[in-house]
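The values are calculated or read from the model by the stated rules, or taken from the named source; none is laboratory data. All values derive from a computational prediction rather than experimental measurement. Quick reminder, even Gly has a Cβ in these numbers, built from the backbone with ideal geometry, and neighbours come from all protein chains shown. Please note that ligands, DNA and RNA were not included when accessible areas were found on the heavy atoms of the full protein model with its side chains. Shrake-Rupley method; radii C 1.70, N 1.55, O 1.52, S 1.80 Å.
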Amino acid sequence: WFHDRFRRASLADLVASGQLKSEQGSPDEIQGFLAHAAQALADAGVAGLSASGRFEFAYTAAHALAFAALRAHDLRPAIRPGHRAIVFLTLAQTIDAPEALWSSLDRYHTKRNKSEYGQWVEVSAAEARDLLKLATDLRERTMRWLKAHRHQRLG
């Protein structure tokens with residue numbers, strides 16, 4: 001139900017419903033998110049870190065990239081429940097990401113939230129590798145979309 005709602009909703013619908021709000025994004029802000037994502041991706045690839053640490057860095061990179069895509073549309077999440085998840089759930093609308101990508105990122109977001117908010121959740125090395133692969137794919141897709149549609153926002 002929740003995913004169907006986002007799959008069918010336009011960005012304008014999400015603004016009208018209060019899930020997103022309009023706010024001008026800047027090239028510096030978007031560049032900052034992209035730089036943050038690049039650093040987090042590099043950290044996620046450090047073999048000596050625990051699976052949990054690599055997972056957290058890969059999640060941070062994916063979230064920064066999805067947030068950059070949303071800001072390139074001059075939008076940001078409204079501060080309300082689900083405000084972090086919405087950046088993944090809108091990837092189909094922001095950069096034309098396939099459902100397999102955004103739904104996988106949303107699944108990892110749910111896992112990360114359980115751990116972040118008090119429930120111990122074990123992260124496997126395979127999950128950390130998968131999330132790093134997804135975040136790397138998201139980076140490629142985000143950069144390709146930005147270059148094609150918002151090149152002026154790349155500084």
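Overview of results
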{"item": "Separation between Cα centres of the stretch 139-155 and the stretch 47-65, rounded to whole Å", "result": "23"}
{"item": "Hits among lysines - C-alpha to C-alpha of K111 under 24 Å, sequence gap 8 or more where chains match", "result": "K133"}
{"item": "GluC sites (Glu not before Pro) restricted to DSSP loop in the stretch 12-117 with at most 13 other C-beta within 10 Å", "result": "E23"}
{"item": "Surface per residue (accessible, 1.4 Å probe) for the chain, Å²", "result": "51"}
{"item": "Helix-only CD estimate at 222 nm, as mean residue ellipticity for the chain, using -39500 (n - 2.57) per DSSP H run (n ≥ 4)", "result": "-21500 deg cm²/dmol"}
{"item": "Simple spin-label estimate for A125 and E29 in nanometres, 7 Å along Cα-Cβ", "result": "4.1"}
{"item": "Equivalent-ellipsoid semi-axes of the chain, from the Cα gyration tensor, Å, largest first", "result": "24, 19, 13"}
{"item": "The stretch 127-155 residues near the modelled A38 label - backbone nitrogen below 14 Å, point 7 Å along Cα→Cβ", "result": "139-140, 143-144, 154-155"}
{"item": "Kirkwood hydrodynamic radius (C-alpha pairs) into Stokes-Einstein, the stretch 15-62, 20 °C and 1.002 mPa s, D in µm²/s", "result": "173"}
